[in-house]
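Novice: Below: one structure in structure tokens.
Here, each number is a calculation from the coordinates, and none is a lab measurement. This is a predicted model, so every value here is computed, not measured. Neighbour counts run over all protein chains shown; Cβ positions are idealised from the backbone, glycine included.
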Amino acid sequence: MKTHLTPVQSIAGTLGAWIVLCILIMNKTSSIPGDEILTGCLFQIPKYSYAVWIPPVIFETIIIALTVYGVIRVNERTPTLTILARDSIIFFVIISVILLSNLFLARYGKEFIRSLLILPCSVVTCIAAARMTLNIRESITIARELQSRAIELETLSVHRSGHSTSDAHEEVLLITAV
């Protein structure tokens, strides 16, 4: 009998592994005495600290796999779903490059550049969430405008009912072209 992990179990396991790694690394981290300017800013971390970047890579891969699977499985593609899928894929590519760069810098980089891309990792996440929200809001606004214009065109064609249908149809086409 085969047992498969559900997406929730996979995500929970990945986050749990990340938390355990963070705790282990924080327990082994010690500060290096600096001069008067950099007091308390320098830390010596264990050699295995690069492992803290592995769970986020796995987590993001699971999330994008679930997103792609969900988009493929859905029969009706709405504009909102299209935006979510597009922005998720763009975010995944960017964050994967940063996470993998962090992993390799932490593993093979010099001590002072190991944490070079930690801040961009956080910034990209905030920017991606804001962009996705703005893109969804914009698509909703466009849909509402199109719906209100369709109602206006229906009203115009009803008022022209005294003329032949071809004349009313031509006027509606002229209005939509403008």
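Novice: What are the ³J(HN,Hα) values, in whole Hz, obtained from phi via the Karplus relation 6.51 cos²θ - 1.76 cosθ + 1.60 with θ = phi - 60°, for each residue of the range 85-91 in sequence order, with x given for Gly and Pro?
Specialist: In residue order, the calculated couplings are 5, 4, 5, 5, 5, 4, 4 Hz.
Novice: For the pair CYS121/VAL57, report the inter-label distance in nm, with labels modelled 7 Å from Cα in the Cβ direction.
Specialist: Reported label-point gap for CYS121 and VAL57 is 1.1 nm.
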